[in-house]
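So the structure is just underneath, and the comments pick up after that.
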Amino acid sequence: MKQYDYLVVGAGLYGAVFAQQAKEKGKKVLVIDKRPQIAGNVYTEDVEGIHVHKYGAHIFHTNNKQVWEYITKFAEFNRFTNSPVANYKGELYSLPFNMYTFNKMWGVVTPDEAAAKIEEQKQAAGITEPKNLEEQAISLVGTDIYEKLVKGYTEKQWGRPCTELPAFIIKRLPVRLTFDNNYFNALYQGIPMGGYTKMVANLLDGIEVKLGTDYLAHKPEYDAMAEKVVYTGAIDAYFDYKLGALEYRSVRFETELLDKSNFQGNAAVNYTDADTPWTRIIEHKWFEFGKDDAGNDLPKTVISREYSSEWKVGDEPYYPVNDEKNSALYQQYKNLGEKESHVIFGGRLGEYKYYDMDAVIASALAMSEKELA
Ligand SMILES: Cc1cc2nc3c(=O)[nH]c(=O)nc-3n(C[C@H](O)[C@H](O)[C@H](O)COP(=O)(O)OP(=O)(O)OC[C@H]3O[C@@H](n4cnc5c(N)ncnc54)[C@H](O)[C@@H]3O)c2cc1C
């Protein structure tokens, strides 16, 4: 008999949901994380009463009723709606492209006028078979929107001119002929009041958690403690990169505490011109306080400038690169993983997969149901 039924490596959402489910089924669980804090990439740090999204802005949105009902047992969500603003050389546009955007761009007033303007620009460009991302975008939304709202932003994100990027990256560019600034088409959306860290702490309530400890550096000791391991770290790291390292795309954040109550009046402002080096600025307080006087009462604000950056081994892994080469390498690691019968690989790093929060919760719940049946 070992001390624990499950060792959960990683106190992020996947690990915390599994641990909560296992505890509920009467299992003895130990959760460990190499970071000094819980919550993985949804960790929010309290700076002067503002919950700063340390590993990138996180907005919860889902159409999955089961996930929503589950997660709202551990946090109350506010009514935050993601409505980013685009700043093109000081001109402000509403995102995603909708009637407010078209009115600002062309002075059109009705949906028919907006649709006609887009069509006119698409026709004028005369592109039938787009050869690159630039031609693809123009064929979808016309020249003005492409030049002001797509080109610079996309080039900063990919670090290459749109004419050198493949057309398939942009399959469609949503155009809304309504006055709707809500970025996500989701039935449920919001930010947990009190921050994501508190939500994860509630998931882990009553569960033993050990922080600042790297499983891979003490693997034999930890393996001896538990019957099974749920591993949510990087799968290539688990196998000591013996087949090579999986690649990621990274983001760099420059965060500042400012002595003013309101910097930009919105949680997210995208800089869509090519000259501004950052892709967007996040003002964290607007996720939580709502756009009202309560936020302005606090004389400070925290902003993060985001820069797209190339990833190298040792950097924080953010977005998996699901191209042919990396997908094939992951498949090889997955095959090795299947031979480790006492280990379950899960979550964004364990499965080398971009998961939104709702999807990672759904995945952890499905795995728990199977495992704990
Ligand atoms: C920039 C960015 C923005 C995002 N924004 C959104 C958003 O707006 N909405 C949305 O729904 N989703 C968003 N996501 C996705 C969201 O971050 C993920 O769904 C979620 O964090 C995945 O949880 P996880 O538990 O799989 O991984 P993680 O949160 O990464 O947790 C894994 C944990 O394992 C620990 N660990 C790793 N190796 C070891 C080891 N050897 N020993 C001990 N511990 C270890 C790590 O320290 C980490 O804490 C975003 C992702 C990124 C990258």
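The values are calculated or read from the model by the stated rules, or taken from the named source; none is laboratory data. Because the structure is a prediction, the values reported are computed rather than measured. All Cβ positions, glycine included, derive from the backbone under ideal geometry; neighbour counts span all protein chains shown.
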Which of the residues spanning region 198-236 are over 18 Å from F18 (Cβ atoms) and either touching a His at 6+ places or on another chain (Cβ under 9 Å) or in a helix (DSSP H, G or I) (or both)?
K198, L216, A217, H218, K219, P220, E221, A224, D236
Can you confirm whether M357 is surrounded by 15 or more Cβ atoms within 10 Å (Cβ to Cβ) and either out of contact with any Gly (no Cβ under 8 Å at 6 or more places or on another chain) or within 30 Å of T276 (Cα to Cα) (or both)?
yes
Does any residue of region 113-128 turn out to be surrounded by fewer than 17 Cβ atoms within 10 Å (Cβ to Cβ), under 30 Å from Y188 (Cβ atoms) and modelled with pLDDT of 95 or more?
no
Residue check, Y241 against (1) within 14 Å of the ligand (Cβ to nearest atom); (2) exposed (fewer than 14 other Cβ atoms within 10 Å of the Cβ); (3) outside the structural domain of Y352 (by TED's automatic domain parsing), all met but one. Which one?
(3)
Can you pull out the residues in region 117-163 that are under 24 Å from N103 (Cβ atoms) and among the β-branched types (V, I, T)?
I118, I138, V141, T143, I145, V150, T154
Output the number of residues of region 229-249 satisfying the condition of being more than 14 Å from P320 (Cβ to Cβ) and of a type in the set (A, V, I, L, M).
3
With respect to S327, determine if the residue is small (G, A, S) and either in contact with a strand residue (DSSP E or B) (Cβ under 6 Å, 6 or more places away or on another chain) or outside any loop (DSSP other than H, G, I, E, B) (or both).
yes
So which residues in region 134-170 are touching a Phe, Trp or Tyr at 6+ places or on another chain (Cβ under 9 Å) and touching a residue at least 60 places away in the same chain (Cβ under 8 Å), if there are any at all?
K148, L149, G152, Y153, K156
Return the residue satisfying two criteria in turn: it lies in region 126-147 and is assigned to a helix (DSSP H, G or I) and of a type in the set (V, I, T), and of such residues it is farthest from Y93 (Cα to Cα).
I138
What's the total number of residues in region 330-350 that are in a loop (DSSP other than H, G, I, E, B) and within 12 Å of the ligand (Cβ to nearest atom)?
1
Taking the residues in region 99-125 that are hydrophobic (A, V, I, L, M, F, W, C) and outside any helix (DSSP H, G or I) as candidates, determine which candidate is nearest to F168 (Cα to Cα).
V108
May I ask you to list the residues in region 266-287 that are crowded, with 21+ Cβ neighbours inside 10 Å and farther than 17 Å from K156 by Cα?
A267, E283, H284, K285, W286, F287
Picked from region 303-324 (must be part of a loop (DSSP other than H, G, I, E, B) and under 13 Å from the mean Cα position of the chain (by Cα)), the residue surrounded by the most Cβ atoms within 10 Å (Cβ to Cβ) is P317
Of everything in region 14-41, what is within 8 Å of the ligand (Cβ to nearest atom) and in contact with an Asp or Glu (Cβ under 6 Å, 6 or more places away or on another chain)? Give them in sequence order.
K34
Filter region 221-238 down to the residues that are under 31 Å from the mean Cα position of the chain (by Cα) and among the hydrophobic types (A, V, I, L, M, F, W, C), then identify the one that is surrounded by the most Cβ atoms within 10 Å (Cβ to Cβ).
V230
